[in-house]
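Step one of this worksheet: look at the structure below.
The values are calculated or read from the model by the stated rules, or taken from the named source; none is laboratory data. The structure presented is a predicted model; accordingly, all values stated were derived computationally and were not measured. To get the accessible areas, we keep the full protein, side chains included, count just its heavy atoms, and leave off ligands, DNA and RNA. Shrake-Rupley method; radii C 1.70, N 1.55, O 1.52, S 1.80 Å.
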Amino acid sequence: MKKINTLEDQLDLKLLERTPTGIHLTKAGALIYQDAKFMIDYSAKSLRSARAAMYTSSAAFCVGTSLLNPAKPFMDLWYQVNRDFPDYKLHLVPFEDNHEGILTEIEQLGTKFDFLIGVCDSRRWLSRCNFLPIGRYRKMISVSREHPLAEKPCIQLENLYGETLMMVKQGDSETNDFIRHNLTQNHPAIHIEDTPRFYDISVFNRCIETGNILLSIECWQDIHPGLVSIPVNWDYTIPYGILYSLNAPEDVLKLVEAIRKIL
């Protein structure tokens, strides 16, 4: 209480409303709180970027990692070629999955990161970086654990009639556009709801909150503990691989070539 009183005096603002039913933020207090959270998050991000920059000047490859784009597939390849790079270490650089900020992260290839790894047939992503495909993931669907379809071992498209399927907006992904076209033309009883072009955790949360079905991929089966991922009787897959700068330095290109050979 003393600290809040001191802060209110310093800012010349009333931040808290004290009533018999409890303590509540004033409008001014709510604004200060939101901006303070932003500054703390931005400060932490700045420190992460600074630490990454420190490693880029030494013999290290900086690899981005996040919940939806984990570095493990890259690590598996690294341990097959690292004998050719005896002076190099790997440095993992965490970043946030945010559908509004992911393009900014992609554009930092060559500065903040040397490599990212992820699912990619996005035209926007591919216009900003080089991409080395290393495999493909099956397209699946995810539903809430309480959804009637959650117990099915495999989904037939007819099971989705009358349901709402969440998937990325049209126009950026050839794979997703092809799936959308097929569903629209041949299975109009499946309603489609647009999500942002790039998933983040809010998309998975909305799937649970609405009871809708989410178009997903096999590597995201454990992303959200409230969701179950189920295969579908189709053959749709999407490429994943290594992303690196359009103007990558020689050592990065050498590592890419070494990985290309073992593939």
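Here is how the numbers come out for the structure above:
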item	result
Convex hull of segment 67-143 built on C-alpha atoms - directionally averaged projected area, nm²	6.5 nm²
Integer Hz, Karplus 6.51/-1.76/1.60 couplings in order for segment 188-195, x for Gly and Pro	x, 6, 8, 7, 10, 10, 6, 10
Heavy atoms of Tyr42 accessible to a 1.4 Å probe, total area in Å² rounded to 10	140 Å²
Per-residue HN-Hα couplings for segment 133-150 [Karplus 6.51, -1.76, 1.60; θ = phi - 60°; Hz; x = Gly/Pro]	x, 10, x, 9, 10, 6, 7, 10, 10, 10, 9, 4, 4, 8, 6, x, 8, 4
Nonlocal amide H pairs with Glu193, under 5 Å, H built at 1.01 Å	Leu165, Met166, Met167
Per residue solvent-accessible surface (Å²) - the chain, probe of 1.4 Å	56 Å²
Where N is the number of residues in segment 132-242, Cα Rg divided by 2.2 N^0.38 Å	1.00
In Å, descending, principal axis extents of the Cα set of segment 123-191	42, 25, 16
Cα-derived Rg to Rh of segment 1-139, Kirkwood definition	1.18
Cross-link pairs Lys2/Lys45; Lys139/Lys169; Lys45/Lys72; Lys37/Lys89; Lys72/Lys261 - those with Cα-Cα distance over 26 Å	Lys2/Lys45; Lys37/Lys89
Accessible carbon and sulfur surface of segment 85-129 relative to its total accessible area, %, 1.4 Å	48 percent
Overall Cα dimensions of the chain, principal axis frame, Å, largest first	65, 57, 30
Between segment 206-252 and segment 97-162, the alpha-carbon center distance in angstrom	3 Å
Exposure of His99 as accessible area (Å², to 10), given a probe of 1.4 Å and all protein chains	60 Å²
Percent accessible area from carbon and sulfur atoms, segment 153-195, protein chains only, probe 1.4 Å	48 percent
Segment 67-224, relative contact order [Cα under 8 Å, separation at least 6], %	30 percent
